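Trainee: The structure follows.
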Amino acid sequence: MKNNWKIYMLAFISFLVGTSQFSIVGMLDKVAASVEVSVSTAGQLITIFALANAIGTPIVIIAIARMNQRKQLLLALTIIILGSISTIALPGFGFLVASRAILGIGTGVFVVTAYSIAGKLAPPERSGRAMSNVAMGFSSSLVFGVPIGRMVAASYDWKTIFWVIGLLSLLAAFAVARLIPATEGEASVPLGKRLSHLKNPKIAVTISVTFLVFTGYSIVNTYITPLLTAIMPMMEQKMSIILFTLGIGSLIGSKLSGFLSDKIGKVPTLIDSMVLQILALTLVSISSGGVILAILLLMIWEIACWTFGPTQNFNLMSLAPEASGIVLSLNSSFVQFGFAAGAGIGGITMGGWSALAIPWISVVSVVLGIVVFAFSFRYSTISKSHA
């Protein structure tokens with residue numbers, strides 16, 4: 001019990017560093033204007049962050065595996081502070097791209113290490129709950145980071161949020177140095193061994209569905225502000241409230257995932273969540289029912305997306321219980337690859353068509369996810385019948 005507050009501290013810092021990823025979504029138009037690029041080009045900042053997180057995090061984790069984990073946290077926070085400083089101080093879009101890559105690596109290393117430390121700080125019977133608190137801290141940054149970014153950008157310069165992140169990260173580094181024990185790092189698993197799990201067809205197909213669904217999610221989420229402006233141009237002054245409302249949907253979805261997985265099973269929950277995403281976005285695109293209906297449909301979409309995420313983790317753990325940590329790490333990387341791909345595809349859509357085309361492109365990605373999922377399920381059934 002005495003370590004509970006340390007676990008909550010790690011969860012709060014995870015929320016803080018996660019805000020560096022998600023806050024920029026809510027103020028993408030302001031960022032684009034300040035560096036004189038289009039919104040679709042500015043959207044590639046999400047791509048860069050996600051790619052750096054997905055590729056850089058495992059490489060850095062392997063490189064620093066022999067460090068004690070307190071030093072790993074301090075290194076991650078130092079990287080985040082440097083990324084925040086470069087975001088604030090260096091001019092132009094090119095430096096902003098580099099800063100996003102730095103922040104992506106720092107955030108990934110911090111969250112992965114905090115997740116591991118939380119499990120060690122808690123008693124064995126509560127380690128899962130401790131790790132879920134850190135995960136909830138990071139996912140909460142999606143809920144609050146986007147509207148916070150919008151509110152800050154509306155009232156101050158958009159860079160103000162990175163002043164706050166940088167200063168709080170500095171305070172967090174002092175807290176970690178004084179309060180977190182110097183636990184030994186975990187045994188380094190070579191990158192090749194991690195990737196070898198993708199040779200398992202079930203895992204490879206399951207993770208490819210993760211990629212497709214989160215690509216669909218990112219296509220909409222990255223450009224949610226211009227999409228909402230196109231759907232409801234008279235509501236721009238209330239954009240932060242709308243974004244906050246949609247963010248609440250992700251928390252509801254995360255909570256629903258466990259309940260539905262236990263109640264109706266993992267596979268039906270995954271299928272239902274994908275179908276609901278498709279229906280909600282299709283209705284948003286064809287409906288002319290007004291602002292309230294559009295917000296309600298987008299909230300249903302958000303709930304469905306975040307019902308999928310944790311359920312997919314449960315599903316992967318059941319496929320490879322002996323290597324659950326490595327498989328979940330791979331899945332997390334492919335979530336970030338999905339964020340990167342979605343931001344890129346959304347940017348092309350914005351440049352070639354308009355924000356109103358974005359939901360349709362997202363629908364295509366999720367439909368592909370269902371097709372792959374259904375094919376793998378059918379293949380698995382046929383394989384068993386011939387065994």
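Trainee: For each of Leu121, Leu228, Leu170, Leu212, count neighbouring Cβ atoms within 10 Å of the residue's Cβ, then give the residues from fewest to most. It would help to have the intermediate numbers written out before the result.
Mentor: Details: Leu121 19, Leu228 22, Leu170 15, Leu212 25.
Starting with the residue having the fewest Cβ neighbours, the order is Leu170, Leu121, Leu228, Leu212.
Trainee: Per-residue counts of other Cβ atoms within 10 Å, averaged by peptide: what ranking do you get for 95-105, 54-64, highest first?
Mentor: Ranked by mean Cβ neighbours within 10 Å, highest first: 95-105, 54-64.
Trainee: Additional query: Note the count of lysine pairs whose C-alpha atoms are less than 23 angstrom apart in the range 1-188, limited to pairs 8 or more residues apart or on different chains.
Mentor: Close lysine pairs under the 23 Å cut-off: 6.
Trainee: Also, quick follow-up: By how many nm would the segment from Thr245 to Ala204 grow when fully extended, if each residue of separation counts as 0.36 nm and the alpha-carbon distance is taken off?
Mentor: On the way: separation 41, 0.36 × 41 = 14.76 nm, distance 3.44 nm.
This chain segment gains 11.3 nm when fully extended.
Trainee: In addition: Report, ordered by chain and residue number, the lysines lying within cross-link reach of Lys202, taken as a straight Cα distance under 20 Å and ignoring same-chain residues fewer than 8 apart.
Mentor: List returned: Lys193, Lys266, Lys384.
Trainee: Can you compute the charge dipole magnitude of the range 1-188 about its Cα centre, using +1 on each Lys and Arg Cβ and -1 on each Asp and Glu Cβ, nothing else charged? Give it in debye, rounded to the nearest 20.
Mentor: Numbers: 13 positive and 6 negative charges, 108 e Å.
Using Cβ point charges on Lys, Arg, Asp and Glu, the range 1-188 gives about 520 debye.
Trainee: For the pair Leu319 and Thr282, how long in nm is the line joining their label points, each one 7 Å along Cα→Cβ?
Mentor: 2.6 nm
Trainee: 222 nm [θ] for the chain, helices only, -39500 (n - 2.57) per DSSP H run of 4+, per residue, to 500?
Mentor: After summing the helix terms and dividing by the residues of the chain, the value is -28000 deg cm²/dmol.
Trainee: Okay, next question. Please state the Cα pair-distance histogram of the range 190-387 with 5 angstrom bins from zero: what percent is in each bin?
Mentor: Calculated P(r), rounded to whole percents: 1, 8, 15, 19, 20, 14, 10, 6, 4, 2, 1, 0, 0.
Trainee: Taking loop as defined by DSSP and a crowding limit of 15 other beta carbons within 10 Å, which trypsin sites (Lys or Arg not before Pro) in the range 2-61 fit?
Mentor: Filter output for the range 2-61: Lys2.
Trainee: Now for a separate question. In sequence order, what are the phi-derived ³J(HN,Hα) couplings for the range 145-152 according to the Karplus relation 6.51 cos²θ - 1.76 cosθ + 1.60 with θ = phi - 60°, rounded to whole Hz, with x for glycine and proline?
Mentor: Values, residue by residue: x, 5, x, 4, x, 5, 5, 5 Hz.
Just so you know, all these numbers are worked out from the coordinates, no wet-lab data involved. Computed from a predicted structure; not experimentally measured. Positions of Cβ are backbone-derived with ideal geometry, glycine not excepted, and every protein chain shown enters the neighbour counts.
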